[in-house]
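Each reported figure results from applying straightforward, stated rules to the coordinates on display, with no laboratory input. Just so it is clear, the structure is predicted and the values come from calculations on it, not from any experiment. Neighbour counts are summed over all protein chains in view; Cβ atoms, including those assigned to glycine, are modelled from backbone coordinates with ideal geometry.
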Amino acid sequence: MPSEIAIAVQILPHGSGLDLPAYATPGAAGMDAVAALTEDLILAPGDRFAVPTGIAMAIPDNYEVQVRPRSGLAFKHGLTVANAPGTIDSDYRGELKVILINLGPDPVTITRGMRIAQLVPAAVTRARLLIVESLDDTTRGAGGFGSTGA
Ligand SMILES: O=c1ccn([C@H]2C[C@H](O)[C@@H](COP(=O)(O)OP(=O)(O)OP(=O)(O)O)O2)c(=O)[nH]1
Ligand SMILES: [Mg+2]
């Protein structure tokens, strides 16, 4: 049984009648969230839009919710989440929106109720920064950006 947290969800007026975010299968990692559009949205190639989901939520302290693309939409249409993974902060009380971008060659139509992204709650680890004079030596050192070869 996977671990579980409870998230309070408020359904906004334009979200009424739509499915709440839901897991498509017992083993799904993400809950699919739907578009709370009142009319069809046509995304031309290269266009992006913050698509409403019709819900707001209160995520427990020390958690976030990540907004991730759906692979089917990405593979079939080139439709993805522009800021993936989107970060929903635990103190955010506004409407959850999904910033969709059409990276494909054709226009894509988004309809009300369409499953547009998946939501994955995740534990948050916060950092406390320590100012130091120098850092310890490592094998990698300052090498990066392909320094280990192809
Ligand atoms: O895909 C997303 C990403 C963010 N948000 C909302 C919830 C999040 O808590 C807030 C701020 O997001 P983020 O910190 O990524 O954006 P920012 O550009 O840093 O804005 P801010 O200055 O408001 O933090 O916007 C969404 O609805 N969808
Ligand atoms: Mg921010």
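Residues of segment 7-22 being of a type in the set (A, V, I, L, M, F, W, C) and under 11 Å from GLU95 (Cβ atoms), which ones?
Of everything in segment 7-22, those that are of a type in the set (A, V, I, L, M, F, W, C) and under 11 Å from GLU95 (Cβ atoms) turn out to be ILE11, LEU12.
Residues that are surrounded by 12 or more Cβ atoms within 10 Å (Cβ to Cβ), at least 3 per element: which strands (runs of 3 or more DSSP E) completely within segment 72-140 meet that?
So the answer is 79-81, 86-88, 95-102, 115-123.
Quick one: count up the residues across segment 24-71 that are surrounded by 16 or more Cβ atoms within 10 Å (Cβ to Cβ), in contact (Cβ under 8 Å) with a residue 60 or more places away in the chain and in a loop (DSSP other than H, G, I, E, B).
Qualifying residue count, segment 24-71: 5.
Out of segment 110-145, which residues are farther than 27 Å from ALA29 by Cβ and either among the β-branched types (Val, Ile, Thr) or within 17 Å of the chain's Cα centre (by Cα) (or both)?
ILE131, VAL132, THR138, THR139 - these are the residues of segment 110-145 that are farther than 27 Å from ALA29 by Cβ and either among the β-branched types (Val, Ile, Thr) or within 17 Å of the chain's Cα centre (by Cα) (or both).
Are there any pairs, at least 6 apart or on different chains, whose C-beta atoms fall under 8 Å, with the first in segment 97-114 and under 17 Å from PRO21 (Cβ atoms) and the second among the polar types (S, T, N, Q) and within 16 Å of ligand 1 (Cβ to nearest atom), and if so, which?
Between residues of segment 97-114 that are under 17 Å from PRO21 (Cβ atoms) and residues that are among the polar types (S, T, N, Q) and within 16 Å of ligand 1 (Cβ to nearest atom), the close pairs are LYS97/THR53; VAL98/THR53; ILE99/ASN83; LEU100/THR80.
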